[in-house]
1. Looking at B:ILE225, is it surrounded by fewer than 20 Cβ atoms within 10 Å (Cβ to Cβ) and without any contact (Cβ under 8 Å) to a residue 24 or more places away in the chain?
2. For residues in region A:17-61 being in a loop (DSSP other than H, G, I, E, B) and among the aliphatic types (A, V, I, L, M), which is farthest from the other protein chains (Cβ to nearest Cβ)?
3. Please specify each residue of region A:216-271 satisfying the condition of being farther than 17 Å from B:ILE120 by Cα, surrounded by fewer than 19 Cβ atoms within 10 Å (Cβ to Cβ) and of a type in the set (Phe, Trp, Tyr).
4. (1) more than 9 Å from every other protein chain (Cβ to nearest Cβ); (2) within 29 Å of the chain's Cα centre (by Cα); (3) in a helix (DSSP H, G or I): which one isn't true of B:TYR136, the others all being true?
5. Any idea which residue in region A:3-16 is surrounded by the fewest Cβ atoms within 10 Å (Cβ to Cβ), counting only those that are part of a helix (DSSP H, G or I) and within 9 Å of chain B (Cβ to nearest Cβ)?
6. Condition first: hydrophobic (A, V, I, L, M, F, W, C), touching a residue at least 60 places away in the same chain (Cβ under 8 Å) and under 17 Å from A:TYR74 (Cβ atoms). Can you find one or more residues in region A:191-207 that meet it?
7. Looking at (1) crowded, with 23+ Cβ neighbours inside 10 Å; (2) assigned to a helix (DSSP H, G or I), which one does B:TYR193 not meet, given that it meets all the others?
Amino acid sequence: MSIRQSESLFTRIMNHVFLVLGSFLAVGPFIWMFLTSIKTFEETIQIPVKFLPDIPRWENYAIISDKLNFPRLYLNTILVALMMIVGQILIVTICAYAFDRLKFPGKNVLFLGMLALMMVPGQIFVIPRFKIMVSLHLTNTLIGLVLPGLFNIFGVFLMRQFFSTIPKELDEAALIDGCSYFRIYWNVLLPLVKSGITTLAILTMLGAWKDLMWPLINNSRAEMMTLAAGLAMLIGEHTTYYEQVMAGGVIAVLPLIILFVIFQKQFVAGIAQSGIKG
Amino acid sequence: MKVKKESLGRLKRKEAITAYIFIVPMFLGLMVFSVVPFVQNILYSFRKMGTFGNGTFVGLSNYQKLLQDETFWLALRNTFFYAAVGVPLVIFFSIFFANLVNKKIRGRTLYRTLLYIPAITMPAAISILWRWILNYQYGILNFFLEKIGLQRISWLGDVHYVRWAIILVLVWSMVSYYTIIMLAAMQGIDKSYYEAARIDGASNRQLFFKITLPLLGPMIFFAIIMVTMGILQIFDFIYLMVDRTTYSYTYSMSLVTYFYECAFNKSSMRGYGAAISVVLALIIMVITIIQMIVKKYWIKTGD
C-alpha cells in the first residue's frame, strides 16, 4: 500500500531527526516544568543548571496548594466549562436547526448578521459586558463567566454543517407522521449529530479552559477564579520561588494532558473541525 | 384547491413562527451581550470614563489623544510586528510538521501526540513555564546558549529581545494547534491524485509541491486568516510573561494588552480603552476585507 515511493535512507533518517527535534521542543518545556517542580529552591538557582534534583521534593506541591486553592479552581473551571457546554448545546443547536431546516422571512439577513458579528474582535464587547455584570451583581460569580460565552456564533455555523449532512427526507417523513418541529429536532436529528455535539463540547471546553481576560476582569475574588486566572495571580506574588510556581503549573496542566492522551481522537477531530471553512 | 392553498400558507406561517421561536434564545443573547455592547462601546469611546459611572462626553478627544500617544503607536507597531513575523512562521512550521506526521513512518502516533500537547495547554500555564525557561540568570535557554559559546540574553528584560521572546512562545504554542488542522486537511486529499501522479513517475518532492501544497491552498488561506486574527488579538503571553513593572512590558505591549491596561488597570482611562478597541476592530475589519479580496484572485481551486 505504498502510494509514496519508498524514500531514501537519508530522507527517512532526516524525517525522524526533525520529528524527534520537534517532539522534544513541544514536550521538553513540560518536562523541565516537572523537573523544576520537584527541586529545592537552592537547586533551581544553581549555576550551572542542575537537571535532576538530588531527592525529589514533593513538598512543593503541598506548599503551592496552601497558597492556591486548586480543588476550588478546578471545580470553578469545570463548572464554567460544563455550564457553557450544556447552555450552548441547548441554545446553539436549536438555532442551527432552524437555519438549516426551516424557511422563514429574513433568514439570510439574520445569518449574514451573525457572520458579520463573528468577525468583530471580542475586546470591543468587554467593557459594556463588564458594566452589565456589575449592574446585574454577577461579578465574582461563575454565571458571570458563563453568560457572555453562551451565544457562540461559530457553534451555529458548525452545527448547521452537521445538520446539513442529514437527508431532508428524514424530516419530511417525520412531519407526515405528525411530528412537531421540536420533536424532529430533538428526537430525530439531534441524536444523529452526536459527533457535531462532541466537537462543539470539546471546542467550548478548550475555550473555557484557556480563557484568561474575561475571568480576570469579572472575577477578582480568589475563590471565584478559574485555573487560568489563578495561575496569573501566582506570577505576581511568588515569582521568586519557581519550584513552587512550576508545581502549580504541573497541577494545572497535567489532568488535561492525561485527558488528551486518552481522548486524543475526539480532541483532534474537534480541533480539526475548528479549521473547516464556513 | 383554494382550501389546500390556504392550509399550505398556514403551514408556512407555522414553520416560520416555529423558526423564530427556535432562534430567539440565540438572538436575544447576541442582542444583550454583543450587539448592544458593540454600540455602547463605540459611544464610550467618545466619553471620558473612569471605573465607575458613565463619565462625560468629550467628542473625538480620545481618538485625538491616541494619535499623539507614543505607547499606542508602539503597541500598534508591536501588534503588526507579531503578526508579520508570527504568521509565516506558524504556517510554515505547521505544514512542515503536518507533512512529516502524514507520512507512513514508525512512531507516527507517538510523534503526533507529543507535537499536539502544547495545543491543548492553557496560555496562562505556557506563560509561567516560558517565563522560567527564559529567565535571565537561571533559565535553561541561556544555559544552553552559553554552552554553545554565546552570550546570555535578558529575553524578557531587554527591550531589544522581548518581542522576539514573545514571538518564540507564540509560534511554539500556535504551530502545535495548526499542525492538527493542516494534517486533517492533508488527510482529506483524495489518494487517487497521488496514485495517478505516482504512475506517471512523480517523485516525492513533486507529490508535495504539485499535489499536496496546491490542494492545501484553501486551507492555508483560511489558516492565514485565523492565525492573523489570533495574533492581532494577542494578550495572554505578553501580560503574563513580561514583568509588568518593567520598561520592557511597555515595549512589548500589543493593542489588546494596552486596551486591557487602559480599560481595567488605570482609573480614568476606560473611555480611552474603548477607543483602542474600536481602532483594533477597524484594523481587523480592513485586514479581513483585504484578505477576502486576495482570496478572490488567489484561490481558484477548492470550494
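Coordinate-derived values only; no laboratory data. Predicted, not measured: the structure shown is a model, and the values here were computed from it. Methodologically, a virtual Cβ is constructed for each residue, glycine included, from the backbone with ideal geometry; neighbour enumeration extends over all protein chains shown.
1. Considered against the rule, which asks whether it is surrounded by fewer than 20 Cβ atoms within 10 Å (Cβ to Cβ) and without any contact (Cβ under 8 Å) to a residue 24 or more places away in the chain, B:ILE225 comes out as no.
2. The initial filter retains those residues of region A:17-61 that are in a loop (DSSP other than H, G, I, E, B), namely A:38-40, A:45-58.
Those left that are additionally among the aliphatic types (A, V, I, L, M): A:38, A:45, A:47, A:49, A:52, A:55.
Values: A:ILE38: 14, A:ILE45: 5, A:ILE47: 7, A:VAL49: 4, A:LEU52: 13, A:ILE55: 20 Å.
Ranking the candidates gives A:ILE55 first.
3. A:TYR241
4. (3)
5. A:THR11
6. Yes - at least one qualifying residue is present in region A:191-207.
7. Evaluating B:TYR193 over (1) crowded, with 23+ Cβ neighbours inside 10 Å; (2) assigned to a helix (DSSP H, G or I) leaves (1) as the failure.
Conditions tested, residue by residue: (1) within 17 Å of the chain's Cα centre (by Cα); (2) aromatic (Phe, Trp, Tyr).
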position	(1), (2)
A:ALA208	yes, no
A:TRP214	yes, yes
A:THR240	no, no
A:GLU243	no, no
A:GLY248	no, no
A:LEU254	yes, no
A:LYS265	yes, no
A:ALA272	yes, no
